[in-house]
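Please treat every number below as a calculation from the coordinates, not as lab data. Computed from a predicted structure; not experimentally measured. Don't worry about glycine lacking a Cβ; one is built from the backbone with ideal geometry, like all the others, and counts go over all protein chains shown.
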Amino acid sequence: MEVAIIFTNIAKWILKKVKRLIVRFRNKQKVFVIGFNKTGTTSIQAALGELGYILGDQASAERLLKDVMQNNYKPLLDYCCEGEAFQDVPFSIPGVYKVLDSNFKGSKFILSVRNDSDQWFLSLLNFHKKVWTNGEALNEENINKAKAVYKNYGSDFNKCVFGEVSYEPQKYKKVYEEHIEAAKAHFKNRADDFLVLNTADETAYKKMTDFLGKKPKRDSFEWKNKT
């Protein structure tokens with residue numbers, strides 16, 4: 001068993017090195033999806049992969065949450081050398097897009113949104129109950145029992161993004177709305193670099209491919225990870 005684990009780790013290390021070399025050789029602009037979780041980010045990720053982008057490993061990215069919470073962005077910037085397109089934590093954390101924007105010039109930023117904050121919050125509640133508490137109440141004790149990328153990831157995520165683990169509707173929706181407005185303000189008058197995207201819109205997929213300068217592979221997004 002130990003030998004198998006060693007070989008598995010070696011294989012992962014080699015794969016990571018090869019991935020970095022390919023990303024460096026291709027030298028393509030990076031795409032950062034900076035909308036909150038449950039705004040169609042999984043559907044956008046699938047579409048970006050289909051368009052030929054090398055996707056960052058999401059589990060590896062989530063393990064960087066503690067570093068980001070401490071304003072240590074070096075591990076995150078290093079991780080970005082392993083891919084061309086990224087989404088969800090920690091890229092969706094408020095303000096992180098500013099660090100990415102200053103370090104990866106010429107990158108594309110997609111702010112994914114829902115129809116409104118009520119729709120987003122309900123989806124977030126349903127998803128967290130499904131993956132973290134198996135339908136039980138959403139509180140710090142219950143979410144930290146869940147199997148995640150590291151111990152207490154659930155509470156770290158909530159505290160980092162929302163400042164607390166309360167799932168209080170008005171508080172969470174306010175943070176969601178402020179994130180949208182702050183991102184719009186940061187990228188004001190930069191239409192070539194920034195796109196607000198609601199995957200529920202009929203023309204959303206075409207808007208994204210036009211924004212990225214890519215030939216469409218389909219007419220609309222595939223709906224992934226529905227809650």
Violations at 32 Å Cα threshold for listed pairs Lys105/Lys217; Lys188/Lys215; Lys98/Lys214; Lys12/Lys188 -> Lys12/Lys188
16 Å Cα-Cα reach of Lys151 towards lysines, excluding residues that sit fewer than 8 places from it in its own chain: Lys66, Lys159
Can you give me the distance in nm between label points at Ala200 and Ile10, each placed 7 Å from the Cα along the Cα-to-Cβ direction? 5.1
Using the alpha-carbon centroid of each, what span in Å lies between segment 33-52 and segment 56-94? 15
Restricting to DSSP loop positions (anything but H, G, I, E, B) with no more than 10 other Cβ atoms inside 10 Å of their own Cβ, which trypsin sites (Lys or Arg not before Pro) remain in segment 104-137? Lys105
Normalised by the number of residues in the chain, what is the relative contact order in percent for Cα pairs under 8 Å and 6+ residues apart? 25
Please give the length that would be gained between Gln29 and Lys217 if that part of the chain were fully extended, namely 0.36 nm times their separation in residues minus their C-alpha to C-alpha distance (nm, one decimal). 65.7 nm
Measuring from its Cα centre, the chain shows a charge dipole (+1 at each Lys and Arg Cβ, -1 at each Asp and Glu Cβ) which, in debye to the nearest 20, is 800
Under 16 Å between alpha carbons, and skipping anything fewer than 8 positions from Lys17 in its own chain: which aspartates and glutamates qualify? Asp57, Asp78, Glu82, Glu84
Report, in deg cm²/dmol and to the nearest 500, the calculated mean residue ellipticity at 222 nm for the chain, where each DSSP H run with n ≥ 4 adds -39500 (n - 2.57) and the sum is divided by the residue count. -14500 deg cm²/dmol
Computed label-point distance, nm, for sites Asp192 and Glu164 using a 7 Å Cα→Cβ extension: 4.4
Can you pull a Stokes-Einstein diffusion coefficient for segment 1-116 at 10 °C (1.306 mPa s), Rh from Kirkwood over Cα pairs, as a whole number of µm²/s? 106
For the chain, return all DSSP H helices satisfying: extent of Cα atoms along own axis at least 30 Å; mean Kyte-Doolittle hydropathy at least 0.5. 2-26
Using the Karplus curve 6.51 cos²θ - 1.76 cosθ + 1.60 with θ = phi - 60°, what ³J(HN,Hα) values do you get for each residue of segment 54-69, in whole Hz, with x for Gly and Pro? 7, 8, x, 6, 5, 4, 5, 5, 5, 5, 8, 4, 4, 4, 5, 4
How much of the DSSP beta bridge set in the chain is antiparallel, as a percent to the nearest 5? 0
What ranking of His128, His186 emerges when the number of other C-beta atoms within 10 Å of each C-beta is taken as an exposure proxy, fewest first? His186, His128
When the convex hull of the C-alpha atoms of segment 29-212 is computed, what volume per residue in Å³ does it have? 113
Under a cut-off of 15 Å between alpha-carbon atoms, report the aspartates and glutamates in cross-link reach of Lys173, not counting same-chain residues fewer than 8 places apart. Asp116, Asp118, Glu164, Glu181
Karplus ³J(HN,Hα) for segment 132-142 (6.51 cos²θ - 1.76 cosθ + 1.60, θ = phi - 60°; Hz, whole; x = Gly/Pro) runs 10, 10, 6, x, 6, 4, 8, 8, 4, 4, 5
Report, by chain and number, residues whose modeled amide H sits under 5 Å from the one on Phe194, excluding near sequence neighbours (fewer than 5 apart, same chain). Phe109
